[in-house]
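Peer 1: Let me give you the structure first, and then I'll get to my questions.
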Amino acid sequence: MTPTRWLVAAVVGAVGVAGNGARARAAEWLQLGSRALPRGDSAAPDAPVLGVAYGPRASSRLGTDFSVVTWRRETRTLRLGFAALIGFDNSVSRRPLAGELGSTEVEMSLAWSLEAWARRHLGPQGVFELALVVGRQTAFATERTVLLDPYRPDDVPFGAGGTFLGPELQGRIGFGPRWDGTLRLGLHAYENGIADLFGQREVSDAVADYLHEGAAWQTSIEAAIERRLSDRACARGALYAETIGPHDDTAKQLWLARVELAPAFAARALVLSPFIDFEAGHGPSLAVNRTELRLRAGVKLYAY
C-alpha cells in the first residue's frame with residue numbers, strides 16, 4: 001500500500017469516528033494551523049514559513065500551513081492538515097538574493113490532539129499531539145546554478161528527497177507561570193525504504209530510481225524553551241537535529257544540528273520572528289552532501 005493510500009484509509013477511518021461521536025461539534029473548514037502548536041515557530045529547515053536569511057549565503061522560504069477540516073470534541077481535536085513549502089538557496093553566490101538551488105515540499109497530515117489529557121498532566125498550557133504525515137520532497141537547480149562540488153562515491157543523490165510516510169509527535173509542558181517547554185519528534189520512511197523493509201530490494205531500487213529518492217528514512221528531534229514576555233510577545237531558544245539514512249549502501253548518512261534564538265511578536269493571526277541560528281551538517285537542496293558550519297540571521301513570518 002502506497003503512502004497516499006495509507007493516508008486515505010486513515011482519513012476515512014477518522015471521519016467515521018468523528019462523525020459517530022455523540023458530543024462531536026460540527027466540522028470547521030479551512031483554519032490556520034494544521035497542528036495544535038504553530039509549525040512556524042519550529043527551528044526545522046522545512047518549517048512552512050515566509051522568511052529570508054543570510055549567512056554565509058542567502059536563503060528564502062515561502063510556505064503555507066492550514067487545517068482543511070477540524071473536528072473538535074470536549075477532550076480531543078482531530079485535524080486534517082495541508083502544508084506546502086518552496087525554498088531557494090545560493091550554492092556559490094554571496095549575493096543577498098537566493099536563487100541558485102530550489103527545494104519543494106508538499107504534505108498532508110492527520111493529527112490527534114488530546115487537550116484534556118494534556119491539561120491534566122502537562123499543565124494549563126499543555127499540549128500533546130500525534131500525527132500521521134504523507135508528503136513529497138524535491139530538490140532542483142535553477143538555470144544559472146554552478147555546482148562546484150566534486151562527485152564522490154558516498155554521495156546521496158537527488159538532494160535526499162522523495163515521497164515519505166511517517167508518524168510525528170509534539171508536546172508542550174508548562175514549567176511555571178511564564179515558562180514553557182516543547183518537544184517534537186518525527187520519523188519519515190520513504191517509499192523505497194518501506195519496500196526494503198519487507199525484503200524487496202529490487203523493488204526498492206526501482207522505486208528509488210523512478211521517484212528520485214536518495215533517502216530511505218529520516219528522523220528528527222527538536223527541544224525548545226519559551227519565555228512569555230506578554231500576551232503578544234515571547235522569546236524562544238530551540239535545538240533541532242536530524243539524521244537521514246541513504247538508500248544506497250555505499251552512501252553516507254547525513255546529519256544536521258541547529259540552535260536557534262528567536263523572539264516572536266504576534267498581531268492578530270500573524271507572528272513575526274527575527275532569529276539568529278547556528279547550524280552544522282549537511283547543506284540545502286542539491287548541496288545536501290556538503291558538511292558546513294553556518295551562522296545566519298534572518299526573519300520569518302507565519303500565520304496561526
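Laboratory data are not the source of any read-out in this text; all were calculated from the coordinates shown. Remember, predicted model here, so these are calculated numbers, not experimental data. FYI the Cβ positions are ideal-geometry reconstructions off the backbone, even for glycines, and counts take in every protein chain you see.
Peer 1: With a sphere of radius 10 Å drawn around the Cβ of Arg258, what net charge do the other residues whose Cβ falls strictly inside it have (Lys, Arg +1; Asp, Glu -1)? Before the final figure, lay out each step's value.
Peer 2: Values: positive: Arg294, Arg296; negative: Glu222, Glu242, Glu260, Asp277, Glu279.
Around Arg258, the charge tally is -3.
Peer 1: Okay, next question. Can you give the calculated 222 nm mean residue ellipticity of the chain, where each DSSP H run of n ≥ 4 adds -39,500 (n - 2.57) and the sum is split over every residue, rounded to the nearest 500 deg cm²/dmol? Don't skip to the end; give the middle numbers.
Peer 2: Values: 4 runs with 44 residues, N = 304.
Result for the chain, helices only: -4500 deg cm²/dmol.
Peer 1: Taking the number of other C-beta atoms within 10 Å as the exposure measure, put Phe158, Phe140 in order starting with the fewest.
Peer 2: Numbers: Phe158 20, Phe140 15.
By the 10 Å Cβ count, ascending: Phe140, Phe158.
Peer 1: Determine the gain in length on full extension of the stretch Leu301-Glu202; use 0.36 nm per residue of separation and subtract their C-alpha separation, reporting nm with one decimal. Walk me through the numbers on the way to the answer.
Peer 2: Numbers: separation 99, 0.36 × 99 = 35.64 nm, distance 4.40 nm.
Residue separation times 0.36 nm, minus the Cα-Cα distance, leaves 31.2 nm.
Peer 1: Something else now. Quick check on packing: order 43-53, 118-128, 174-184 by the mean number of other C-beta atoms within 10 Å, highest mean leading. Write out the running numbers ahead of the final one.
Peer 2: Details: 43-53: 20.7, 118-128: 16.3, 174-184: 14.6.
Taking the mean over residues of other Cβ atoms within 10 Å, the ranking is 43-53, 118-128, 174-184.
Peer 1: Hey, another quick one. What percent does the relative contact order of region 243-304 come to when contacts are Cα pairs within less than 8 Å and at least six residues apart? All intermediate terms of the calculation are to be shown ahead of the outcome.
Peer 2: Numbers: 110 pairs, mean separation 17.7, N = 62.
Normalised by residue count, the contact order of region 243-304 is 29 percent.
Peer 1: Gln31: net charge of surrounding residues, Cβ under 12 Å, Lys/Arg +1, Asp/Glu -1, itself excluded? Don't jump to the answer; show the numbers that get you there.
Peer 2: On the way: positive: Arg35, Arg72, Arg79; negative: Glu28, Asp65.
Its environment carries a net charge of +1.
Peer 1: Please get the size of the charge dipole for the chain, origin at its Cα centre, with Cβ charges of +1 on Lys and Arg and -1 on Asp and Glu, quoted in debye to the nearest 20.
Peer 2: 1520
Peer 1: Once you keep just the Cα pairs under 8 angstrom separated by 6 or more residues, what percentage relative contact order results for the chain? The partial results should precede the final answer.
Peer 2: Details: 821 pairs, mean separation 46.6, N = 304.
Relative contact order here is 15 percent.
Peer 1: Determine the gain in length on full extension of the stretch Ala266-Tyr151; use 0.36 nm per residue of separation and subtract their C-alpha separation, reporting nm with one decimal. Working shown, then result.
Peer 2: Working: separation 115, 0.36 × 115 = 41.40 nm, distance 4.53 nm.
Residue separation times 0.36 nm, minus the Cα-Cα distance, leaves 36.9 nm.
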